[in-house]
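Reviewing the structure listed below.
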Amino acid sequence: MARAMKASDLRIALFSGNYNYTRDGANPALNKLVGYLLSQGCQVRVYSPTVPVPAFEPTGDLVSVPAFSIPTRKEYRVARGLPASVRRDLDGFAPNMIHVSAPDILGHRAVSYARDRGIPVVASVHTRFETYLKYYHLGFLEGGALALLRRFYRRCDAIMPPSQSMADLLRDQRMNDDIGIWSRGIDTGIFTPAARSTVWRRELGIRDDEMAIGFLGRLVLEKGLDVFAAVVGELTRRRVPHRVLVIGKGPARDWFAEQVPDAVFAGFQAGADLGRAVASMDMLFNPSVTETFGNVTLEAMACAVPVVAAIATGSSSLVEHGVTGRLVPPDDIAGFADALQAYCEDRDLADEHGLAGEARSRAYGWDAINRNMLDKYLEVAARRGA
């Protein structure tokens with residue numbers, strides 16, 4: 001009888017379209033995962049496009065994959081595939097598990113490499129790429145995009161979205177027969193109610209008695225900036241006292257500033273500064289429907305900040321309506337305004353829902369979450385061995 005594979009037997013090649021060159025919602029989680037896998041005795045090698053000055057230092061061994069810049073989004077790079085030099089490195093590493101994190105050119109080539117050699121493949125799911133199209137007036141291509149995604153994910157042995165709501169959607173879309181969950185963790189040393197700073201708020205011009213409606217994330221259209229601006233406009237028409245606090249940067253920053261001219265833009269924040277920024281909000285408004293998990297939602301909850309979010313994958317698994325925040329249909333401008341107005345006019349209600357969210361966030365510890373991915377590797381390897 002064959003010996004069951006252990007963590008120390010795994011040689012994992014992880015493919016990422018953006019492992020560390022630009023900070024986004026997915027790559028901190030991938031770096032956390034690699035750190036955990038290394039601590040468990042796994043061998044890991046990461047393949048991704050790189051830049052001379054990345055956003056942060058990578059965890060583990062990172063092999064640079066040749067790539068080109070996206071003309072309309074120059075901060076992102078797309079790998080050209082798996083050139084001979086990278087294939088030689090892969091052959092030398094001799095992986096017995098492939099992890100792909102995006103259905104891009106690199107991901108497709110990695111899956112083909114694995115299938116040619118009988119290596120199992122696990123895919124993590126980080127973004128609802130098909131939802132991006134409508135923000136660039138290409139919504140008519142969504143059906144074709146879903147077909148391409150289905151082809152990609154069905155060539156994998158298992159797929160791991162970060163939330164139950166996303167897993168349910170992928171099941172309905174027939175993306176794969178083996179769908180687990182690799183959630184996201186929270187660093188409670190950074191995201192805590194204790195990080196709130198009235199001094200920092202005052203430096204930004206936000207009074208102590210003002211209710212700050214926060215936006216947190218990259219300033220790109222697909223984060224629902226148009227909906228956010230429309231809702232703020234509705235609150236202004238209703239004469240609801242509030243301030244908008246925007247945390248993040250991105251190519252749509254100038255456009256967004258024109259739409260919410262009275263907002264405070266605090267720019268990109270990281271580490272303890274990010275924790276302070278989130279905790280200093282009075283509520284988070286997350287209208288995005290493109291998330292698979294919603295890191296910003298969990299970060300706000302850990303800071304005891306109530307969340308108003310769109311009914312969409314990710315947020316629907318985190319926010320308990322009427323308990324830790326409010327869930328509203330994605331395009332319901334009046335509904336979003338009602339939810340935010342309730343918190344703006346009732347600080348006690350905001351505090352009550354914020355504290356409930358903090359309690360719920362304590363279930364998201366990184367080690368237990370990353371163990372789920374490791375267990376899936378071992379499960380898939382055992383199934384392939386059988």
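Of note:
- Taking every C-alpha pair closer than 8 Å and separated by at least 6 residues, the mean separation divided by the residue count of segment 281-335 gives a relative contact order of 34 percent.
- Taking the chain and dividing mean pair separation by its residue count, relative contact order in percent (alpha carbons under 8 Å, at least six apart): 15
- Degrees, to the nearest 10: 225-237 long Cα axis against longest axis of the chain: 10
- Potential lengthening of the chain between Lys249 and Asp209 amounts to 11.7 nm, from the contour at 0.36 nm per residue minus the alpha-carbon distance.
- Approximate spin-label separation Glu352-Asp177, in nm, with each point projected 7 Å along Cα-to-Cβ: 4.9
- Seen through its C-alpha gyration tensor, with square-root eigenvalues sorted a ≥ b ≥ c, segment 218-322 comes out rounded because a/c lies under 1.5.
- Per residue, segment 156-203 exposes 43 Å² of solvent-accessible protein surface, assessed with a 1.4 angstrom probe and all protein chains in place.
- ³J(HN,Hα), Karplus 6.51/-1.76/1.60, whole Hz, each residue of segment 259-276, x for Gly, Pro: 6, 10, x, 8, 6, 9, 9, 8, x, 6, 10, 9, x, 4, 5, 5, x, 4
- Euclidean distance of C-alpha centroids, segment 151-199 and segment 217-232, integer Å: 22
- Counting only protein heavy atoms and a probe of 1.4 Å, the accessible surface of the chain is 51% carbon and sulfur.
- Helix 105-117 axis, angle to the chain major axis (alpha carbon atoms, nearest 10°): 30
- Length-normalised contact order for segment 266-386 - Cα pairs under 8 Å, 6+ apart - percent: 23
- Whether segment 172-242 is rounded, prolate or oblate, judged on the alpha carbon gyration tensor where a/c under 1.5 counts as rounded: oblate
- Phi angles of segment 184-196 translate, via the Karplus equation with coefficients 6.51, -1.76, 1.60 and θ = phi - 60°, into HN-Hα couplings of 10, x, 9, 8, 6, x, 9, 9, 8, x, 5, 7, 4 Hz per residue; Gly and Pro are given as x.
- From the alpha carbon centroid of segment 338-376 to that of segment 21-71 is 28 Å.
- Selection from Thr188, Trp255, Val244 lying farthest towards where the dipole of segment 166-279 points positive, charges on Cβ: Val244
- R0 of 41 Å, Cβ-Cβ distance Lys6-Arg80: FRET efficiency to nearest 0.05: 0.70
- Entry note, the chain: the mean residue ellipticity at 222 nm calculated from DSSP H runs of n ≥ 4, each adding -39500 (n - 2.57), is -12000 deg cm²/dmol after division by the residues and rounding to the nearest 500.
- DSSP-assigned coil residues among GluC sites (Glu not before Pro) in segment 193-234, each with at most 15 further Cβ atoms within 10 Å: Glu210
The values are calculated or read from the model by the stated rules, or taken from the named source; none is laboratory data. Every value quoted in this text rests on a predicted model; they were computed, and no experiment measured them. Cβ: placed from backbone, ideal geometry, glycine included. Neighbour counts: every protein chain shown. Protein only, heavy atoms only, side chains kept; ligands, DNA and RNA dropped before computing areas. Shrake-Rupley method; radii C 1.70, N 1.55, O 1.52, S 1.80 Å.
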